[in-house]
Amino acid sequence: MSLKTSLEKLPFYNDAVLPYHFAQSVVAGIKNGWPGKKLHVIGVTGTNGKTTTCFMLWHILNSAGLKTGLMTTVAWGVEDLEPELGHMTTVDALTLNKRIKAIKDQGAEYLVLEVTSHALAEYRTLGIPIEIAIFTNLTHEHLDYHKTIKKYRDAKGKLFKKANFSILNADDNAAKYYENLSHKYITYGIKNGQNQAKDIKLGVSGVKYSLGDMEIETKIPGEFNVYNSMAAALAAKKLGLTNEQIENGIKTLDSVEGRMNIIDEGQPFTVIVDYAHAPDALEKVFESVKGHEGRIISVHGGAGRRDPSTRPIRGAILAKYSDIVIITEDDSRDEDPEKIAEGFIKGAEKEGKILEKDLFRELDRKKAIKLALDLAKPGDLVLILGKGHEKTILRADGPHDFEDIKVVKKLLKSK
């Protein structure tokens, strides 16, 4: 274990290094000429849905002829996106400002920026004015860093304090808190909010609904994508786009890498790869496929040096909604994969799953995916969850090339 890793485990470490983060952000801004001030920046924060909302808004704006940059967990750039290889959503301040400058130099006028609570707590977005801030939702995550849900909520609140205008999910309990921090705002939701989705039609290939005088249709399934597309549509509306431009922009986005990606290599069962790893995100994935008639086989694992309290919770969710659960590795880092898996297994066993019957432990992720595909029968659904778009897996000896989508495709072709 490195000295830095040991220090990070000290309870006061995160607060102790804040002056360093602040100084780094100041240096990064000065060195790059404070590039964020030269763009119209839309910041998107929340536990889940940030990346998809960002991609939707970016696609709407570019489709309408407004040159727009994008910085998310998955990729960054303007038109030809570059993959985000680091396992980080909002990168460090030096990299962030360098990339924003590159986006501006490519002629972009707008920037859609995915913003995490870590980034806000560590001043990474210092000197980046936020024209519009979007709140997707707030659920149990990152408590290994923030320690309490209140501190997690408050960290995200910094985005709404600095934004000129906020767009808030009124179906989430935290929306009221962010309303009080916002200068001006509108709300959206399915049950609540000034702007509500009506006549919702959910399907395996996307969703349709009405939003005021707009008819929205997405090619990405799941009720959570009603929320994501609503937020993107309302932000585009605030920026002055027409209904036709908004509707066309959402409808023509085929997919977001690692988000509810259906993998079809001609097999007689369905395979979906998704990034879901927080308890709420897992719940939403299962909610979106609840109409599936065949068995559900799930492959999932947990990252090392991340909040261990979610492991039995996630294990229980997997067991509750799946016929077969396979617990595997994720980014174990310097933590024992066996120990990580044990938390998931305990949760799954409490929901009635039995090891070597309908609950399996296979800590080699490729072998775990192969096991799921081998067990699948015609009409089944295989869910590969947790890593989504990521290009590497982080083990004790460092990163190893690994992409769920590529692995699934190769295994299916070999079958």
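The values are calculated or read from the model by the stated rules, or taken from the named source; none is laboratory data. The model shown is predicted, which means the values in this text are computed figures rather than measured ones. We place every Cβ from the backbone using ideal geometry, glycine too, and count neighbours over all the protein chains shown.
So that you can scan it fast, the table gives a plain yes or no per residue for (1) acidic (Asp, Glu); (2) at pLDDT 85 or above; (3) part of a loop (DSSP other than H, G, I, E, B); (4) farther than 22 Å from Gln24 by Cβ:
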site: Leu113; (1), (2), (3), (4): no, yes, no, no
site: Arg124; (1), (2), (3), (4): no, yes, yes, no
site: Ala133; (1), (2), (3), (4): no, yes, no, yes
site: Asn137; (1), (2), (3), (4): no, yes, yes, yes
site: Tyr152; (1), (2), (3), (4): no, no, no, yes
For region 101-110, does any single residue satisfy the condition of being hydroxyl-bearing (Ser, Thr, Tyr) and either part of a helix (DSSP H, G or I) or under 17 Å from Leu120 (Cα atoms) (or both)?
-> no
Examine region 232-252 for a residue that is of a type in the set (D, E, K, R), under 20 Å from the mean Cα position of the chain (by Cα) and within 23 Å of Trp58 (Cβ to Cβ), and state whether such a residue exists.
-> no
Mind telling me which of the residues Leu383, Leu411, Leu394, Leu371 ends up being surrounded by fewer than 23 Cβ atoms within 10 Å (Cβ to Cβ) and part of a strand (DSSP E or B)?
-> Leu394
Look at Ser309 and say whether it is surrounded by fewer than 22 Cβ atoms within 10 Å (Cβ to Cβ), polar (S, T, N, Q) and farther than 26 Å from Lys377 by Cα.
-> yes
